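Engineer: Pasting in a structure now, in C-alpha cells, and then I'll have a few things to ask.
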Amino acid sequence: MILPFAPFVVFIALCWARLRVHGGTRWRVSFLEAGVLLASGTLAASELLSLGAWLRPGWVAIGWTVGAAIGLGYLWRSATTDQTTRRHIGRKFRLLRQCDWQPRFEWIAVGLVLALTGIVAWVSPPTNFDSMTYQFPRVMHWLQQGTTDHYPTSNLRQLAYGPGAVYWQLHLWALWDGDRAASLVQWFATLGGAVALSLWIRRLFSGKAVGLAVLAAVTMPMAVLQASSSQTDQQVAGWLLVAVALLTTSRTQTTGQL
C-alpha cells in the first residue's frame, strides 16, 4: 500500500527543491512549479516507455519506485544540510503561531468545498459516459499493449482525443491496480487551479477580494461536479490558470508571500 503514494513523495521532494531555490519563500509559486515539473516528467516518461512498448503496470511501478527513492534521499539530505530553507520555513510557522491570525470565512468555505469534493472523488467510482466509453478503455488498451499506438476500435474518440490528461489516469491505474484514484486527477487540478487563482488574482483585486474570487471559482456548478469526476475538462482549466499565474507573477511581487 506504500507504492500508490509514490507520486506524492516525488511531488513533496519537488516542492522542497523549488522552495530551496526561492530561499524558503514563495510557497504557492513553488507548489505550482512542482506540479508543472511532475506533470512534465509523467508525460515524458509515458512517451519514452511507449517507444519501447514498456508502458505496462510493472514498468510504471518501477519508475515511480525509483523516483520516490530518489525523492526521499533528496529530502533527507537537504533537510539535514540546508539550514537557510529550514530557517525561513520555521520562521513562517512561528509567525503563524504567534500572531492572532484566523482564516476568513471565504477561505474556510474554500477548504470545505475542496475537502468534500475530495472525499466524493475518493469514495465514488467513475461512472460517467465519457470515462466508460473512451477514456478508460484506451487506458486499459495502452497498459495491455505497452504503447499508445493506435488499435482497432469502433469509438474513434479513443484514438483522436489528446492523451495528455489521461496519462495521469494511466499511471494511477497502474499503481492502484484499478480506477480507485482516477477521479483524484480532476480534484488535484481543482486544487492547483485554486492556488494559481489566489496567486495572480491579487494583481486585479485587493487581498480581501481574493478569497471571494477563489470561492466563486471552486463553487461553480460545473467545477464542483468535475472536481469529483474522471473527466478531463477541469485539468484544462487548471493548467490555464497555472500558466497565467506563473507567467504573470514576478519575483518582486511574490517575495515573502505564501
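The values are calculated or read from the model by the stated rules, or taken from the named source; none is laboratory data. Everything quoted here is computed from the prediction, not taken from an experiment. Cβ coordinates were reconstructed from backbone atoms using ideal geometry, including for glycine residues, and neighbour counts include every protein chain displayed. Heads up: the accessible areas ignore ligands, DNA and RNA and are worked out on the full protein's heavy atoms, side chains in. Shrake-Rupley method; radii C 1.70, N 1.55, O 1.52, S 1.80 Å.
Engineer: Which of the following residues is crowded, with 16+ Cβ neighbours inside 10 Å and more than 19 Å from Met132 (Cβ to Cβ): Ala237, Ala243?
Structural biologist: Among Ala237, Ala243, only Ala237 is crowded, with 16+ Cβ neighbours inside 10 Å and more than 19 Å from Met132 (Cβ to Cβ).
Engineer: Read through the list (1) at pLDDT below 90; (2) open to solvent by less than 20 Å² (accessible area, probe 1.4 Å); (3) aliphatic (A, V, I, L, M), then give the number of the only condition that Ala165 fails.
Structural biologist: (2)
Engineer: Report yes if some residue within the range 5-27 is among the hydroxyl-bearing types (Ser, Thr, Tyr), surrounded by fewer than 21 Cβ atoms within 10 Å (Cβ to Cβ) and in a helix (DSSP H, G or I); otherwise report no.
Structural biologist: Within the range 5-27, not a single residue is among the hydroxyl-bearing types (Ser, Thr, Tyr), surrounded by fewer than 21 Cβ atoms within 10 Å (Cβ to Cβ) and in a helix (DSSP H, G or I).
Engineer: List pairs: first residue in the range 47-71 and more than 22 Å from Cys15 (Cα to Cα), second residue open to solvent by less than 70 Å² (accessible area, probe 1.4 Å) and among the polar types (S, T, N, Q) anywhere in the structure, Cβ distance under 7 angstrom, at least six positions apart or on different chains.
Structural biologist: So the pair list comes out as Ser50/Thr147; Ser50/Thr148; Ala53/Thr147; Leu55/Ser46; Leu55/Thr147; Leu55/Thr148.
Engineer: Kindly evaluate Ala217 against the criterion of being out of contact with any Lys or Arg (no Cβ under 9 Å at 6 or more places or on another chain), free of Cβ contacts under 8 Å to residues at least 60 places away in the same chain and open to solvent by less than 10 Å² (accessible area, probe 1.4 Å).
Structural biologist: no
Engineer: On to the next question. Tally up the residues in the range 145-158 that are open to solvent by 40 Å² or more (accessible area, probe 1.4 Å) and either of a type in the set (Asp, Glu) or over 26 Å from the mean Cα position of the chain (by Cα) (or both), please.
Structural biologist: The number of residues fulfilling the criteria is 7.
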